[in-house]
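Student: My structure is below; once you've seen it, I'll send some questions.
The values are calculated or read from the model by the stated rules, or taken from the named source; none is laboratory data. Remember, it's a predicted structure, so these values are computed and weren't measured experimentally. For neighbour counting, all protein chains shown are included, and Cβ atoms are generated from backbone atoms with ideal geometry for every residue, glycine included.
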Amino acid sequence: MRVGLVTLGCDKNTVDNEYLAGLIGTKGHTVEIADEKHPPDCVVITTCAFLEVAKEQSRDQIRRWARIRKDHGTRLGVIGCMSQRHGPELMRDFPEIDFLAGVGQFDKVAELVCGEGRSRFVTDTAEDARSWNLAQQSGGDAPEPIPYDDREFATDAPRVIVPRTLPRQRMDRRPHGFLKISDGCNHTCTFCSIPLMKGVYTSVPRQTLMDEARRMLDDGVREINIVAQDITKYGLDTEKRMALPDLLNDLCTIGGDYWIRLFYLYPSTVTKDLLAVVRENPKIARYLDIPLQHLSESVLKRMRRPHDRKRTMEMLRSIRSEFPEITLRTTFIVGFPGESGAEFQELLDGMDEIKFERLGVFTYSREAGTPAAELPNQLPERMKKTRRDKIMKRQAATSAEWAAAQVGCTRRVLIEGRVAESDWYVGRSDSEAADIDGVVRVHSAAKLNVGDFVEAKIVASDVYDLTAEAAVPART
Ligand code: SF4
């Protein structure tokens, strides 16, 4: 059987789909990225429901494949966050769906894909099963749903457990991969619906992560991106302490030439221990992604985020002074309910002081079921967009200034691809993360391979990208 996967949403979904691909592969089926032009026998859409726009995107994909199912008989499976949270509605709105599942449950989903499951609907919450049942009973004979029941913890809360070292099939052959060290979140940020879909913080056992990292490196990965909802809390549930520094030290003992890049560092738990481990391990990219969401004390309080602005700014200033080679990435939300001109100015002032090399900004999205959705003073979309554009304009200037300062420097670049039969290649230094930051265009007389690290002298720059001349190719 040919199984096609559609991966929507975040890097956690990418990893979950690689587990699924690995499990289905062990059952003797081929797994590929789903292509509408060559419909597979079965398609699985891993959905996202973080924001309204993501929900619409998920619905759009289901709609497209429902049509293909009618025309080509492709079995249609829908899994992930949207079906975790809105399963019954999706089953009602898309009767073409052959099976649906919530988050996690990798073995169960693989069984369903391979037509071994008895039910059309497995979910992580008995509540959903109940409401699905009711919805069905009102509309005629309902197949008995099978809640995923062999779990020792609360049955009414979703949870993403990696039960053992799962087989993984990478769908993207570029030299970077994601190592998801945990899923779920115990924070209660008022704008965020993730805990409603992913449940409580659940760390992946350290031995499983070591096995996965070795397999990724054996499979040609040269950059391991560490992801979760909050990587700083790794181990609190399983080892009863914040074990990220130890996990990183362990990962750095694996032989080979590669980078480890850190994402989703929660601002209030970027500890001195963690920074020391980054400093002591040259394998760890000099790159820290610390999503701050805002820099106004009063807005952070309404977001239920670490709102001690003074402490946050001190943490950022100490990184700047003690660790100047670090590239700092952050994310902001503008237009949060009640965000005044003065509060927005506090954000701009903080940005101007720290000069983040990398920055993403989102307009606040009113998500049903989140506390912030009920807050007064919801701002008009036009004002949100104006503030977002103002930030991006400032950020472009900061980024261009940083890029210009790179000219003349020699940077180590990971080669990701070759430009059509030419001496030009596309790569990234440890200051650029894949798909969200710029690239380094490298000219090299000597032939380079994807996955090579090369010393390259920066000869030109623009707002986000750099141009470089390969010095001496450093073969891995
Ligand atoms: S830290 Fe906050 S924003 Fe991030 S997943 Fe958890 S609740 Fe959501």
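Student: Write out, first by first residue and then by second, each pair whose Cβ atoms fall under 7 Å of each other, whose residues are 6+ apart or on separate chains, and whose first residue, in the range 1-16, is in contact (Cβ under 8 Å) with a residue 24 or more places away in the chain while the second is surrounded by 21 or more Cβ atoms within 10 Å (Cβ to Cβ) and basic (Lys, Arg).
Tutor: 12/180; 15/180
Student: Could I ask something else about it? Only residues that are in a loop (DSSP other than H, G, I, E, B) and either modelled with pLDDT of 95 or more or surrounded by 14 or more Cβ atoms within 10 Å (Cβ to Cβ) (or both): list them for the range 408-434, please.
Tutor: The first filter runs over the range 408-434 and keeps only residues in a loop (DSSP other than H, G, I, E, B), leaving 408-409, 419-423, 429-434.
408, 409, 423, 429, 430, 431, 432, 433, 434 - these are the residues of the range 408-434 that are in a loop (DSSP other than H, G, I, E, B) and either modelled with pLDDT of 95 or more or surrounded by 14 or more Cβ atoms within 10 Å (Cβ to Cβ) (or both).
Student: Condition (residue is outside any helix (DSSP H, G or I), modelled with pLDDT of 95 or more and farther than 30 Å from residue 335 by Cβ) applied to the range 391-407: is it met by at least one residue?
Tutor: Of all residues in the range 391-407, those outside any helix (DSSP H, G or I) come to 407.
From the residues that got through so far, the ones that are modelled with pLDDT of 95 or more too are 407.
Keeping just the survivors that are farther than 30 Å from residue 335 by Cβ gives 407.
Yes: the range 391-407 contains one or more residues that are outside any helix (DSSP H, G or I), modelled with pLDDT of 95 or more and farther than 30 Å from residue 335 by Cβ.
Student: Hey, could you check the range 226-272 for residues that are part of a helix (DSSP H, G or I) and more than 16 Å from the ligand (Cβ to nearest atom) and say which is surrounded by the fewest Cβ atoms within 10 Å (Cβ to Cβ)?
Tutor: 272
Student: Among the residues of the range 37-46, is any part of a helix (DSSP H, G or I), under 13 Å from residue 110 (Cα atoms) and touching a residue at least 12 places away in the same chain (Cβ under 8 Å)?
Tutor: Looking for residues that are part of a helix (DSSP H, G or I), under 13 Å from residue 110 (Cα atoms) and touching a residue at least 12 places away in the same chain (Cβ under 8 Å), one finds none in the range 37-46, hence no.
Student: Please state which one of 317, 309 is charged (D, E, K, R), buried (at least 18 other Cβ atoms within 10 Å of the Cβ) and more than 25 Å from the chain's Cα centre (by Cα). It would help to see each step written out before you state the result.
Tutor: Numbers: 317 fails: buried (at least 18 other Cβ atoms within 10 Å of the Cβ).
Exactly one of 317, 309 is charged (D, E, K, R), buried (at least 18 other Cβ atoms within 10 Å of the Cβ) and more than 25 Å from the chain's Cα centre (by Cα), namely 309.
Student: Turning to a different aspect of this structure: Would you check if there is a residue in the range 427-447 being under 28 Å from the mean Cα position of the chain (by Cα), farther than 29 Å from residue 14 by Cα and of a type in the set (Val, Ile, Thr)?
Tutor: Pass one, the range 427-447, residues under 28 Å from the mean Cα position of the chain (by Cα): 427-442.
Within this subset, residues satisfying the condition of being farther than 29 Å from residue 14 by Cα are none.
Within the range 427-447, not a single residue is under 28 Å from the mean Cα position of the chain (by Cα), farther than 29 Å from residue 14 by Cα and of a type in the set (Val, Ile, Thr).
Student: If you take the residues in the range 290-330 that are within 13 Å of the ligand (Cβ to nearest atom) and hydrophobic (A, V, I, L, M, F, W, C), which one is farthest from residue 345 (Cα to Cα)?
Tutor: If we take residues in the range 290-330 being within 13 Å of the ligand (Cβ to nearest atom) and hydrophobic (A, V, I, L, M, F, W, C), then 290 is farthest from residue 345 (Cα to Cα).
Student: Turning to a different aspect of this structure: Pairs under 7 Å by beta carbon, first residue within 21 Å of residue 311 (Cα to Cα) and of a type in the set (S, T, N, Q) in the range 276-298, partner in a strand (DSSP E or B) and within 16 Å of the ligand (Cβ to nearest atom), six or more apart or different chains?
Tutor: Taking only residues 6 or more apart or on different chains, the pairs are 293/331; 293/332; 293/333.
Student: Out of all the residues in the range 170-225, which are part of a helix (DSSP H, G or I), within 16 Å of the ligand (Cβ to nearest atom) and either more than 22 Å from residue 104 (Cα to Cα) or not charged (D, E, K, R) (or both)? I'd like the intermediate steps shown before the answer.
Tutor: Let us first name the residues in the range 170-225 that are part of a helix (DSSP H, G or I), namely 194-198, 206-218.
With the extra rule that they be within 16 Å of the ligand (Cβ to nearest atom), the set shrinks to 194-198.
Selection gives 194, 195, 196, 197.
Student: Check off (1) at pLDDT below 95; (2) more than 28 Å from residue 191 (Cβ to Cβ); (3) of a type in the set (Lys, Arg) for residue 64 and give me the number that stays unchecked.
Tutor: Against the list (1) at pLDDT below 95; (2) more than 28 Å from residue 191 (Cβ to Cβ); (3) of a type in the set (Lys, Arg), residue 64 comes up short only on (1).
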